[in-house]
1. Filter the stretch A:246-267 for residues that are more than 19 Å from A:Lys195 (Cα to Cα) and within 27 Å of the chain's Cα centre (by Cα) and give the result.
2. Could you check, for the stretch A:59-77, whether at least one of its residues is under 23 Å from the mean Cα position of the chain (by Cα), among the hydrophobic types (A, V, I, L, M, F, W, C), closer than 18 Å to A:Phe275 by Cβ and at pLDDT 95 or above?
3. Of the numbered conditions (1) within 28 Å of A:Val390 (Cβ to Cβ); (2) free of Cβ contacts under 8 Å to residues at least 24 places away in the same chain, A:Leu229 fails exactly one; give the number of that condition.
4. If B:Tyr154 satisfies all but one of (1) crowded, with 24+ Cβ neighbours inside 10 Å; (2) among the hydroxyl-bearing types (Ser, Thr, Tyr); (3) closer than 24 Å to B:Asp56 by Cα, what's the number of the condition it fails?
5. Across the stretch A:456-501, what is the number of residues that are surrounded by fewer than 24 Cβ atoms within 10 Å (Cβ to Cβ) and out of contact with any strand residue (DSSP E or B) (no Cβ under 9 Å at 6 or more places or on another chain)?
6. Sort through B:Ala338, B:Ala266, B:Ala251, B:Ala284 and tell me the only one that's among the small types (Gly, Ala, Ser) and surrounded by fewer than 24 Cβ atoms within 10 Å (Cβ to Cβ).
7. Is it true that A:Ser64 is under 25 Å from A:Glu25 (Cα atoms), small (Gly, Ala, Ser) and in contact (Cβ under 8 Å) with a residue 24 or more places away in the chain?
Protein chains: 2
Amino acid sequence: MYSIGLDFGTNSVRAVILDIEEGIEIADAICNYPSGVDGIIVDSRNPHLARQNPSDYNVSMEKSVREAVKKAKGSKKAFNPGKVIGVGVDTTGSTPLPVDRNLVPLSFHKEFRNNKNAMACLWKDHTGADEAEEITALATRIRPDYLARIGGVYSSEWFFSKLLHLARTDKKVFDAAAGYVELCDYIPAILSGKKSPGETVRSICAAGHKAMYNDVWCGLPDDGFLHKLDRSFKNVREKLYGKAYPAGQLAGALCEEWAGKTGLPAGIPVSVGAFDAHMGAVGAGVRPGVLVKVIGTSTCDMTVAPAGKKLRDIPGICGMVPHSIIPGYTGIEAGQSAVGDIFNWFVKRFAPAGVKDPHRQYALAASRIKPGQTGLLALDWNNGNRNILVDQKLTGLILGFTLDTGPGEVYRTLIEATGFGARAIIERIEEYGVEIDEIVATGGIPDKNPLLMQIYSDITGRSFKIAASSQTCAVGAAVFGAIAAGKEKGGYRDVDDARKKTCRFKKAVYRPDSRNRKVYDRLYGLYKNVHDVFGLKSANMNLHHVMKDLLKIKGEVTNG
Amino acid sequence: MYSIGLDFGTNSVRAVILDIEEGIEIADAICNYPSGVDGIIVDSRNPHLARQNPSDYNVSMEKSVREAVKKAKGSKKAFNPGKVIGVGVDTTGSTPLPVDRNLVPLSFHKEFRNNKNAMACLWKDHTGADEAEEITALATRIRPDYLARIGGVYSSEWFFSKLLHLARTDKKVFDAAAGYVELCDYIPAILSGKKSPGETVRSICAAGHKAMYNDVWCGLPDDGFLHKLDRSFKNVREKLYGKAYPAGQLAGALCEEWAGKTGLPAGIPVSVGAFDAHMGAVGAGVRPGVLVKVIGTSTCDMTVAPAGKKLRDIPGICGMVPHSIIPGYTGIEAGQSAVGDIFNWFVKRFAPAGVKDPHRQYALAASRIKPGQTGLLALDWNNGNRNILVDQKLTGLILGFTLDTGPGEVYRTLIEATGFGARAIIERIEEYGVEIDEIVATGGIPDKNPLLMQIYSDITGRSFKIAASSQTCAVGAAVFGAIAAGKEKGGYRDVDDARKKTCRFKKAVYRPDSRNRKVYDRLYGLYKNVHDVFGLKSANMNLHHVMKDLLKIKGEVTNG
């Protein structure tokens, strides 16, 4: 038996076919979104805007599934599409789109064609920055509970910032919408032939992490709060939903239309969707005590604690949402706003003349430098600080420059800075009683950058395993497709059951070097000093020692 | 009548012939030193080492003077070498060399040939860093007066650091030397045929600024202090000197040998030497109320106050030495350890692929950015901070990076950082009662970088004039040659007399723009915050506002 996982990324959709018994992918296919710049609709006058054309989702999903099915046939004789027993879906988020009463995206209407506000508002759209501040301010004042478990600050990347911005800037679209659905709810809904927003089954992952949904206050924020935010929000809950569900539950059954388009059997279960990182964590083997780090352009750090366990709110952490990653567990999510993006920025903007393949060159140069030998220290805040400071108005810093400092040293320092940021998150989570015994890395970077992995291991003093699959998100989605199908149909009973089959690691494990670790402990102390003085209102400190200590460490390390 | 000025720079010697009556140069010629890398003997195993081959001085001086004389003949019919009535000399410093009892450099001896320790120890040689710290520590403890007027910290670039390092690391050379002479004393001595270190007339400029010489304590540091520094220094004063003299006084008369070599008349007066920057200040028109800024790879800031005026010690300023720049005035010197060097570093190490003439490109990009629009702030400490912190163990810092920050923005920010450093020096000098009414810029940068000049004007809120001559050092040397010749022989009476003839400015004056100034006042406030937290032991501060204020200013400036 097989399950199919669909992973809707920022630029493309990927389909993976999982052999349920063996727990391995037998085929995958990727299809880029046709619109905009790499699938993103941008606006030259507004760099904060990032939208997507909803028709791209349909077109690319159909192609990628057909291609994966074709490949599966080629790679395994026993395979035929009739043996696919479930479909799972993960997407970026929060990526909401306005729909009409028939669940048709407003952008499909002639009236709103080419209106960017009627399209899907991609996770990294920051047009709602002011609205996010407003929501934070109001919630802090009258509903502090709403923010306590999502780090204390509401982000411009989240659902209500985007909805409020829409209400303020395009009343026509806002009023015309019969509903607003997250992409991770929309895809399962259309796959299962839902015909209205009301029938759409909503993901607790999106609801809990991005829309202040919590069973403690019976779901979404109350009408009083919403109305106070904006008069136009008076009855907005009518266009939303009352209840959200964990992945693995049934969103519906594959409809005839999509069975026809994809060649999959009609009627098979479609799982409730979730965000890509969360399903990636499942694909990488998350469980209590295991932190999964998805390391790519940014990072997402995830672990779970048994839902019964009494947890204190962890300040500065993105979200703690029951059932959000694995049903029956509280999902704990944190992350860094920029990791690979920082290296890309540096290489793109500051690569010296004539350097070919600068990532590789710099990594090579950086690998020849010992910890502490750069004399440099950086703050990894070029895109703000998501955790543990939750402050988008922080910016990057590099200090320790001499007239000899070269790009290899800066490159290494930027890697180290993201490593220190990673350590700050782990320390914060553990400080609040959630233990982390093991780290599993996945995402685009771990495979490509062994130097980074070793630095992270040395900085955190932890071993890092690497997930064997490079498509953990799509695999996670397929796992939930198989869970939705159920054990009796040949699927999985639950995530624990699936993990035994699907969870594999690469041979190479990165282990901390005790000598490097000592140096990094000293550097981390300096990082925290600078981090606190620039990052916390309350930290009064003198940093006169910082540059001198860096030179001292550099001298000691260089001379043996 | 004419005077000749000889300017011994880091890489070459320049000869200028000045028409005394007209006050303008009629010819100049430059000759590079033949040895080492651009005239500097380096050591691949020790980046701090920078020496010069003393024979280069003779060879290049002879060539450059002959060439200048030849050019003068071509450019002015009335000229003939017999009308040259005086010679002035300026050099880098502290650049001491060990000599034998006949004033022959030890490196000319077969025994010491190829021994770098027997060569001239160039101003920027930093091998004596530990020794400098030792001298600072001892003087702070038992002779605080020695440091009070030279900024409180003894530098590795200065005379006794170099001598002590020599005594510690090459006893053979140290013991073999009958004397140690500064380059600015050595050149006038050989030109006037001196045959021993004892006959050599010493410059008060070198002595006062670099060798803790002061009439208040009867000259050089006392034997007790020197002996305490090192046992080998017990009788070192015997190899040094008792008295030093200001430029314009007679070092001797041009000897037959050098008259023959150069074609100049034997017997004409040779002025006491001085450091290049100081003679450059005179060439640029320094007087009370006028600050001359020599802006090049580093900067030197100079002004004078009447010697009779009661001056408080100005903490963090390099030197306050009576008669050091203009006889009868107290010379006040400060500076920044790296200015052009920082821009060169950035361009050399971080110029993106394919950028041709990056200085020009970046200046162009930077000129399109408004003050405050970069969102960045930097500390100009890549080569330590000479003033006002006097701390070589400080390093550079840049903050405010986003994922959009480009090299044009960084380039502008680095210029601004040096401008803020310049302002800190001016404010410190004025704070202690020395007023600055006018600024004159000279050196390699002002002509080449109008953007920098405008930024400096906006940051300091002052007008900047540019010295008309691009050889103010050599012109200053020629002025002192003419002063040594005396008014009755057709020379100048004194520096005031000379200034009336020689002091000229370029037409373009950089004046502060009131709007830019306001923005820079805000940025300077932030610079000072960061400057103090990293630069002063005593500053306890929170910098949580810095990145936010920068973003706020950026937003305001960008939106008009």
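1. Step one: filter the stretch A:246-267 for residues more than 19 Å from A:Lys195 (Cα to Cα), giving A:246-249, A:262-265.
Matches in the stretch A:246-267: A:Pro246, A:Ala247, A:Gly248, A:Gln249.
2. Looking for residues that are under 23 Å from the mean Cα position of the chain (by Cα), among the hydrophobic types (A, V, I, L, M, F, W, C), closer than 18 Å to A:Phe275 by Cβ and at pLDDT 95 or above, one finds at least one in the stretch A:59-77, hence yes.
3. All conditions pass for A:Leu229, except number (2).
4. Unmet condition: (3).
5. Here the count works out to 9.
6. On the way: B:Ala338 fails: surrounded by fewer than 24 Cβ atoms within 10 Å (Cβ to Cβ); B:Ala251 fails: surrounded by fewer than 24 Cβ atoms within 10 Å (Cβ to Cβ); B:Ala284 fails: surrounded by fewer than 24 Cβ atoms within 10 Å (Cβ to Cβ).
Unique residue meeting the criteria: B:Ala266.
7. On the way: under 25 Å from A:Glu25 (Cα atoms): yes; small (Gly, Ala, Ser): yes; in contact (Cβ under 8 Å) with a residue 24 or more places away in the chain: yes.
Judged against the criteria, A:Ser64 is a match.
Conditions tested, residue by residue: (1) in contact with a helix residue (DSSP H, G or I) (Cβ under 8 Å, 6 or more places away or on another chain); (2) within 26 Å of B:Glu333 (Cβ to Cβ); (3) modelled with pLDDT of 95 or more; (4) not in a helix (DSSP H, G or I).
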{"residue": "B:Tyr180", "(1), (2), (3), (4)": "yes, yes, yes, yes"}
{"residue": "B:Ala189", "(1), (2), (3), (4)": "yes, yes, yes, no"}
{"residue": "B:Gly198", "(1), (2), (3), (4)": "no, no, yes, no"}
{"residue": "B:Val216", "(1), (2), (3), (4)": "yes, yes, no, no"}
{"residue": "B:Phe225", "(1), (2), (3), (4)": "yes, yes, yes, no"}
{"residue": "B:Ser232", "(1), (2), (3), (4)": "yes, no, yes, no"}
{"residue": "B:Tyr241", "(1), (2), (3), (4)": "yes, yes, yes, yes"}
{"residue": "B:Trp258", "(1), (2), (3), (4)": "yes, no, yes, no"}
{"residue": "B:Gly267", "(1), (2), (3), (4)": "yes, no, yes, yes"}
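The values are calculated or read from the model by the stated rules, or taken from the named source; none is laboratory data. Since we're looking at a predicted model, the values are computed, not measured. Virtual Cβ from ideal backbone geometry, glycine too; neighbours counted across all protein chains shown.
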